[in-house]
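Each remark here refers to the structure printed beneath this line.
The values are calculated or read from the model by the stated rules, or taken from the named source; none is laboratory data. Just so we're clear, the structure is a prediction, and the values are computed from it rather than from any experiment. Quick reminder, even Gly has a Cβ in these numbers, built from the backbone with ideal geometry, and neighbours come from all protein chains shown.
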Amino acid sequence: MVANIIKKFMNKVLRNFFKKKKQVKLGLYGPPNGGKTTLANRICQDWLGEDMGSVSNIAHETREIQIKEQITIKSKGKELTFNLVDTPGIATKIDYEDFIKAGMKDREAKTRAKEATKGVIDSIKWLDEMDTVVIVLDATKDPYSQVNITIIGNLQAREIPVLIVANKVDLKKAKIKKIEAAFPQYDVIGISAKYGDNINKFYEGLFALVD
C-alpha cells in the first residue's frame, strides 16, 4: 500500500517535470560494470543509429558525464523525448591497485583511479540536474550493497522518479526477484542490454513513469 502511494507520488512529480521542462534529463546511474553504457548504446542504436560510449570489462571505463540530446523513443503510439545522461559508475572505494591487477601499468592505474574518483563526484553532483533516473544493476550481483543503498537514498531524498533495470538476465546467475525484494518501492525490469532482451518492456517502463 505504502509502496503504491510512493510510486503514484513520484509519477506525479515526473509528469510535472515533463510539462514544465523542454530539456528533460534522463540519467543512467548505478555501480561500475552494471551495464549503464551498454544500455545507453542500445538506446542510441535503437533510436539514433549510433553508439554513445565505449565499454570495457575493466571497471570505470566511463569516467566522464556523457550526454546525447533529443532522443525520441516511441511505444504504442506514444512519443517521449529526452536528453540521455550516462554517468560514471558510483563506488565507495577506488583503489589504483585494482587496475594494476586488471593488467594496467602503475602510472596508467593511478591516472584511471584519479579520473574515476572525479567521475563519482561528478555523478553525485549531477543528481540535482536529473528529472528521472534509471538505475542499472547487474542482476548477477547482490543488490544489498552500500553503493546501491546510497544511490537509492540520494534519489529518495531528492524525490526523483526511478526505474530500476536488472541487467544481464542472459546470464544464468541473474536473480531479478532478489533485486525486486531489495527495492520493492520501485518497478524493476529485467533486460539484457547487450543482446536487447526485453528492451521493449524497458521502453514501456519509461512511458509508465509519465503516464
Would you pick out the residues in region 184-202 that are of a type outside the set (S, T, N, Q) and surrounded by 20 or more Cβ atoms within 10 Å (Cβ to Cβ)? Tyr186, Val188, Ile189, Gly190, Ile191, Ala193, Phe202
Can you tell which of Lys101, Lys110 is touching a helix residue (DSSP H, G or I) at 6+ places or on another chain (Cβ under 6 Å), among the charged types (D, E, K, R), modelled with pLDDT under 95 and surrounded by fewer than 19 Cβ atoms within 10 Å (Cβ to Cβ)? Lys110
Residue pairs, Cβ under 9 Å, 6 or more apart or interchain, first in region 69-89 and under 15 Å from Ala208 (Cβ atoms), second among the polar types (S, T, N, Q) and part of a strand (DSSP E or B). List them. Ile73/Thr81; Glu79/Thr72; Leu80/Thr72; Phe82/Gln70; Phe82/Thr72; Phe82/Thr132
So, in region 63-95, of the ones that are of a type in the set (Ser, Thr, Tyr) and assigned to a loop (DSSP other than H, G, I, E, B), which residue ends up surrounded by the fewest Cβ atoms within 10 Å (Cβ to Cβ)? Thr92
